[in-house]
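Taking it in order: structure first as structure tokens, then the write-up.
The values are calculated or read from the model by the stated rules, or taken from the named source; none is laboratory data. Given the structure is predicted, the values throughout are model-derived calculations rather than measurements. Backbone-built Cβ (ideal geometry, glycine too); neighbour counts: all protein chains shown. Just the protein is used for accessible areas: all its heavy atoms, side chains included, with ligands, DNA and RNA removed. Shrake-Rupley method; radii C 1.70, N 1.55, O 1.52, S 1.80 Å.
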Amino acid sequence: MERKDFETWLDNISVTFLSLTDLQKNETLDHLISLSGAVQLRHLSNNLETLLKRDFLKLLPLELSFYLLKWLDPQTLLTCCLVSKQWNKVISACTEVWQTACKNLGWQIDDSVQDALHWKKVYLKAILRMKQLEDHEAFETSSLIGHSARVYALYYKDGLLCTGSDDLSAKLWDVSTGQCVYGIQTHTCAAVKFDEQKLVTGSFDNTVACWEWSSGARTQHFRGTRVFSVDYNDELDILVSGSADFTVKVWALSAGTCLNTLTGHTEWVTKVVLQKCKVKSLLHSPGDYILLSADKYEIKIWPIGREINCKCLKTLSVSEDRSICLQPRLHFDGKYIVCSSALGLYQWDFASYDILRVIKTPEIANLALLGFGDIFALLFDNRYLYIMDLRTESLISRWPLPEYRKSKRGSSFLAGEASWLNGLDGHNDTGLVFATSMPDHSIHLVLWKEHG
């Protein structure tokens, strides 16, 4: 048939075909297929695939593709990445989707990172770490050996752990290597705190002392009563100590003289904390230094930065009749005060002193507080170390603990690095998680395991 005659015939057939019903069209196609040979069937197959299997992700504008992808969960997105190179490229570049997925896992987001493929990689790293936490495989343990008598006091800062012992010595350890950096002769240490130049120790011998790391010499001596807790601030030139006589003493750090004795507690003062305020209220402003002192039942708040002869601003407790005891651990970051009790974790707003929430764990009683952040809390009991997701108030991981030395004052165990409690970021899940003294005078360490 000539081309012109064929085109005329095809036009006539097309007009007739369009006038048929759907059933008649189907019968017509079935008949034509039955008359077709291999060449025609192959041609039909190739064209049908193009017509029916259209890649919408390839055809849609990128912005619209990103909008549709936001409705899929991360696991489905990872599966979709296997469809084709084009799909993998588009899905991997959807920054908002992967940032949201990371946030949902409790990871911090740095918006300054512009690399489009960065956040998918971060999510894959995050999901691995969260799986390790869920499977109790995120940590490893180590020990520090060097003391010859029980270790009463621990303090951690920037990769260094200080230990104070009944063997009349204090040691400074590099946690990453397990090596002792400094070892100096002291008195019996009930509490320790240090910086690059000096060590401050509180003792059961009724004294507080300052020591120089490099020489081991005692540079300052404060005489009071049996000391359970110390803190200091070089900017204020102030040292504070909590004692067995129910008082808090304020000392001139450089001169060694007692500036004031704060009274009002009716039990041992087992914890003192000096911290800058970060919120405004009628009683304090951002930047003011605040002193918190805690005993078995109460937390007292003092405006230590304004005047030495200060009066207690507020007393916090969880029960008016003193039927509920507070655990000897205290968290204060300038915005919130957190303490644990038999009823659960109590969080106070420092601007109003109101209780923001009480977190209860009915499945596990008497959990003690180690660390508290925006996303996670680190808790423990006699058997396990726990991580709580504060957004859901659920325990997401645990790690077994040995038979460690118990301390009513809470000085023989502590949390290590704390930045990850505000959200993991792929870099802050390293180093020390938890340390405690053991009956054999060693120090048991729980450390983050390196990423696989």
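Structure above, values below:
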read-out: Trp9 versus Gln75: modelled label distance in nm, points set 7 Å from Cα along the beta carbon direction; value: 5.9
read-out: Amide proton proximity set for Lys271, modelled H, under 5 Å, gap of 5+; value: Ala294
read-out: Nearby lysines by direct alpha-carbon distance to Lys125 (threshold 19 angstrom, same-chain neighbours under 8 apart not counted); value: Lys89, Lys103, Lys449
read-out: Rounded accessible area per residue of the chain, 1.4 Å, Å²; value: 51
read-out: Neighbourhood charge, 12 Å Cβ-Cβ cut-off, centred on Val97 and excluding it, Lys, Arg +1 and Asp, Glu -1; value: +1
read-out: The chain pair-distance distribution - Cα-Cα, 20 Å bins, rounded %; value: 21, 42, 18, 9, 8, 2
read-out: Carbon and sulfur %, accessible surface of the range 57-135 computed with the full protein complex present, 1.4 Å; value: 59
read-out: Around Asp349: net Lys/Arg minus Asp/Glu count, Cβ-Cβ under 15 Å; value: +2
read-out: Relative contact order (%) - criterion: Cα under 8 Å, at least six apart; region: the chain; value: 11
read-out: Signed unit charges on C-beta, dipole axis of the chain, positive-most listed residue Val208, Gln24, Gly334; value: Val208
read-out: Stretch in the chain that is longest and holds no GluC sites (Glu not before Pro) that DSSP places in a loop and that have at most 16 other beta carbons within 10 Å; value: 3-136
read-out: Residues of type lysines that Lys25 reaches as a straight line, Cα spacing below 24 Å, ignoring anything fewer than 8 places off in the same chain; value: Lys53
read-out: Net charge of neighbours whose Cβ lies under 10 Å from the Cβ of Asp234, counting Lys and Arg as +1 and Asp and Glu as -1; value: -2
read-out: For the range 57-135, size of Cβ-based charge dipole, Lys and Arg +1, Asp and Glu -1, in debye; value: 280
read-out: For the range 31-58 versus the range 254-322, the gap between their alpha-carbon centres in whole angstrom; value: 81
read-out: Debye, to nearest 20: dipole size of the range 90-146, +1 on Lys, Arg Cβ, -1 on Asp, Glu Cβ; value: 120
read-out: Positive-end extreme of charge dipole, the range 57-135 - chosen from Thr79, Leu64, Ile109 (charges on Cβ); value: Thr79
read-out: Set of lysines with alpha-carbon distance to Lys314 below 27 Å, sequence-local pairs under 8 removed; value: Lys193, Lys249, Lys271, Lys276, Lys278, Lys280, Lys296, Lys300, Lys335, Lys360, Lys408
read-out: Charged-residue dipole, Cβ positions (Lys, Arg, Asp, Glu), the chain about Cα centre, Debye nearest 20; value: 880
